[in-house]
Amino acid sequence: LFLVICQCVINSVSTHHASNPNVILLMADDLGIGDLGCYGNRTLRTPNIDKLAEEGVTLTQHIAASPLCTPSRAAFLTGRYPIRSGMAAFSRVGVFLFSASSGGLPSEEITFSKLLKQRGYTTALIGKWHLGMNCESSNDFCHHPLSHGFDYFYGLTVTNFRDCKPGQGSVFLKGVQKSLVIPIQIAGITLVSLAIVQYIGLLKVPFQALAYCLLITAISLAVLIFFFYHFRHLNCFLMRDHQIIQQPLSYENLTQRLTKEAVQLIGRNTDAPFLLVLSYLHVHTALYASESFRGKSKHGLYGDAVEEMDWSVGQILDVLEKYNLSNKTLVYFTSDQGAHIEEISSSGEVHGGYNGIYKGGKSTNWEGGIRVPGLLRWPGVIQAGAYIDEPTSNMDIFPTIVKLAEAQLPSDRIIDGHDLMPLLQGKVTQSKHEFLFHYCNAYLNAVRWHPGNSKSVWKVFFFTPNFSPEDSNGCYDSHVCFCHGGFITRHDPPLLFDLSRDPEERVPLTPETESHFYEILRVIHLAVDNHTRSLHAVPDQLSWDNLLWKPWLQPCCSSLFQSCYCDYDSE
């Protein structure tokens, strides 16, 4: 009888703990899985992130739904492949580049923040958003975090660019130069030719027509020069809720400011459940680190940035301990995709991270681009010090925390993520993800299959990016890999790997080396057919029309004549 009573008490405590917890989701930007001590790094110091692994679960096959920021974050918030929400591009550019673009996460999408807010949670996003802001005017905020279930926002609506930090170069300059040289040459030659034939009398060209052509060319060039000259002021700014508080963004003590906002948010909500998404700017370029961390790591500015982010994670864990909230809080740490290995500064310093043994990086669906850190800690509720090698996805966070908050999962749409709690608590040993579909922008690039009766994890590639130089591990000539045309090589039959035996994806299997080669492809093709039938046409949020800079959507805290300058945050 005593044992039965004890078990009932234990069960009631577990039940009490396992509902309505606080939720803290920590997301790094472009962090490599090999950058952390808990994933094998021996030279970067990440004791606080490693502590999450020691006191929680380490997912060793945790997969980002996309190898690029915008679609990966859309999938994370909605639990759905980004192709379902229109957040996967058919064009070359797969992310939002400007604050005055009209695309973004559609209002019809249901985020975990919306559902937790309905359950009485205080919800906050601190840091990077990168999912759009306005639709038709500079202050309609249709795609803003506050329109997607967050009560509070402090951060950047776009992302951290090299162009945002003076002296760090430009991610646009080379592309703009390549794109504009030929059109400018064509326009120049056309105008000169028209002037010559007019002069020698071979053709009568109305002077007005020549003047209009010259005027249009001059205005277009002036707008482009103005935009890129003022890029930092127009696109790199800090917001609090709907107000711009620092334009352009200052990197001075930026991580400390983000961390302070997060700590204060926790301090204001010690007696009520909260959702905090702390979305770091580290370690996307432009790299930065405060004076306390600069020059302290063994890996230059990149290592300094990683170690500063680890310090920030420690501050969050300390404040949970201070308010006795550790046992009431689920903490999750990840990266939106793998390290951007092509990031090298103008002085030749490596500014990209380390993806461990895995091939490729950001913008590719090789394992280095999508296999990311996945750490979850909830003392007393999930296992401590456990490793799970099953395929999991960043889309799984959506159903996991929605169920923990006792909210209802949407029944009017497909949710591609699965509740992680049975795995995390050791109640099951196999992931519900039999198949995972890996998209390169809007194009189905690869598929992962983990059969229920096998340890094998099969992965097929329908096409692969063409690395440049050819013998390298990335697309250094173009800075990122692209998804179509001459940038890829198609494979028929598809390339096949068994990740359980070849996680580095070194040697594709053949009918001679794998006796079930054609049967595996047949099963995967059936899965692709079923998946494709589940997709419905939706507006393309990353179309050229939605990507381009629109002056009437430009947020500005002062005026264009004052270069959109303000600094209320320092004040």
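Contact order, relative form, for segment 350-442: 24 percent (alpha carbon pairs under 8 Å, 6 or more residues apart, mean separation divided by residue count). Note that segment 62-178 presents 27 Å² accessible area per residue, ligands and nucleic acids not counted, probe 1.4 Å. Distance between the C-alpha centres of segment 279-351 and segment 77-126: 24 Å, rounded to the whole angstrom.
Indicate the gyration tensor shape class of segment 462-506 (rounded, prolate or oblate), computed on the Cα atoms with a ≥ b ≥ c the square roots of the eigenvalues: a/c under 1.5 is rounded; otherwise a/b larger than b/c is prolate and the rest oblate. It comes out oblate by the Cα gyration axes.
Carbon-plus-sulfur accessible fraction, the chain (probe radius 1.4 Å, protein heavy atoms only): 58%. Taking amide H as placed 1.01 Å from N in the peptide plane, the amide H of Gly374 sits under 5 Å from that of Leu59, each at least 5 places away or on another chain. For a Förster distance of 41 Å, can you work out the FRET efficiency between the beta-carbons of Gln118 and Val428, rounded to the nearest 0.05? It comes to 0.90.
Between the Cα long axis of helix 69-78 and the first principal axis of the chain there is an angle of about 40°, rounded to the nearest 10. Each helix, a run of at least 4 DSSP H residues, gives -39500 (n - 2.57); summed and divided by the residues of the chain, these come to -9500 deg cm²/dmol at 222 nm.
With an 8 Å Cα cut-off and a minimum separation of 6 or more residues, compute the relative contact order for the chain in percent. Contact order relative to length: 26 percent.
Computed from backbone phi, the HN-Hα couplings of segment 469-476 come to x, 4, 8, 8, 10, x, 10, 5 Hz, rounded to whole numbers (Karplus: 6.51 cos²θ - 1.76 cosθ + 1.60, θ = phi - 60°; Gly and Pro given as x).
Checking the a/c ratio against 1.5 first, then a/b against b/c, what shape does the Cα gyration tensor give for segment 335-474? Prolate is the answer for segment 335-474, as a/c is 1.5 or above and a/b outweighs b/c.
Treating the angle as unsigned and between 0 and 90°, give the value, to the nearest 10°, between the Cα long axis of helix 207-229 and the longest Cα principal axis of the chain. The angle comes out near 30 degrees. For segment 292-388, the gyration tensor built on C-alpha atoms gives an oblate shape. Its axis ratio a/c (a ≥ b ≥ c) is at least 1.5, and a/b is not larger than b/c.
As I understand it, the value is the acute angle between the Cα axis of helix 2-17 and the longest principal axis of the Cα atoms of the chain; what does it come to in degrees, rounded to 10? Compared with the principal axis, the helix lies near 10 degrees. Its relative contact order, with pairs defined as Cα atoms under 8 Å and 6+ residues apart, puts segment 282-343 at 25 percent. Calculated from the structure at hand, percent of Cα pairs over 34 Å apart is found among [x] 41; [y] 60; [z] 52 as [x].
The values are calculated or read from the model by the stated rules, or taken from the named source; none is laboratory data. What you are looking at is a predicted structure, and each value in this text was computed from that prediction instead of being measured. Virtual Cβ from ideal backbone geometry, glycine too; neighbours counted across all protein chains shown. The area values use the complete protein model at the heavy-atom level, side chains included, leaving out ligands, DNA and RNA. Shrake-Rupley method; radii C 1.70, N 1.55, O 1.52, S 1.80 Å.
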